[in-house]
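Enquirer: Please find one structure pasted underneath; my questions will follow.
Rule-based calculations on the coordinates, nothing more; no lab input. Note that the structure is a prediction, hence the values are computed from the model and not measured. Cβ placement follows ideal geometry from the backbone for every residue including glycine, while neighbour counts extend to all protein chains displayed.
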Amino acid sequence: MRRSALLLLLLALAGCGATGSAGEFGDATLSLGRRPGAEDAGIYLATQRGYDMAEGVTLHVQKSGDAEFRLLPRPKGRWVAVMAIVRPAKLLLCVDRDTLAEERGAVAAVVRALQRGYGQAQLEPDEAVAAMATQVPGLDAAAVSARMDDVAPTWSAGAPFLGQLGPGPGRDATVAKPLS
């Protein structure tokens, strides 16, 4: 009996140090601000394959609404660009200024997860579209697939690394770094 109690206590203590399903940084939301399209394939591949969780954050994607992250053509108001999605600077991953200041590690984790997702989506466009189709009810997978050949090259066009963001107003070019 005493041995069982000790074993249970050790298991409970071991669980205290482990990261839960939300990971080291917890949950984060990303608002697309529009209906999902081919430009978003890397996001959905990242969440389906668990790249977000591997980085310690659980990313929840939504079409619209309040979120810590948004996809915007340019940062405005409280938003700061931290990653280029469609180059040259046509679609940017932006984060709320407060989130960037208070949770920089979580922001960097989201950027790394999306860099992996977009990189793999370039290599495996059919799998990226399939990942979207499983997560987006009513997605016209054929239309998204048809656009992938045009959109996927723009994710890294002319950049030394995927997601690289040049300096400029409303941008923090230090968050996105080359993946090792």
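Enquirer: Please list, in chain and number order, the residues 5+ apart from R78 or on another chain whose amide H is under 5 Å from its amide H, with Hs placed from the backbone.
Expert: Placed amide hydrogens put nothing under 5 Å from R78.
Enquirer: Now, a different point. Out of residues 5 or more away from E68 or on other chains, whose amide H comes under 5 Å of its own, with H placed 1.01 Å from N in the peptide plane?
Expert: Correct list: T29.
Enquirer: May I ask you to work out the translational diffusion coefficient for the chain at 25 °C, viscosity 0.890 mPa s, via Stokes-Einstein with Rh from the Kirkwood sum over Cα pairs, reported in whole µm²/s? The partial results should precede the final answer.
Expert: Details: Rh = 17.0 Å.
D = 144 µm²/s.
Enquirer: List the residues of region 58-84 whose backbone N lies under 11 Å from a point placed 7 Å from the Cα of K177 along the Cα-to-Cβ direction.
Expert: none
Enquirer: Can you tell me which of 161-168, 52-59 comes out highest on packing, and rank the rest after it, using the mean Cβ neighbours within 10 Å?
Expert: 52-59, 161-168
Enquirer: OK, next. Provide the percentage of antiparallel DSSP beta bridges, counting only those with both residues in the chain; round to the nearest 5.
Expert: 55 percent
Enquirer: Divide by every residue of the chain the summed helix terms, -39500 (n - 2.57) for each DSSP H run of at least 4, and state the resulting mean residue ellipticity at 222 nm, rounded to the nearest 500 deg cm²/dmol. Each step should come with its number before you reach the end.
Expert: Values: 7 runs with 76 residues, N = 180.
Value at 222 nm, helices only: -12500 deg cm²/dmol.
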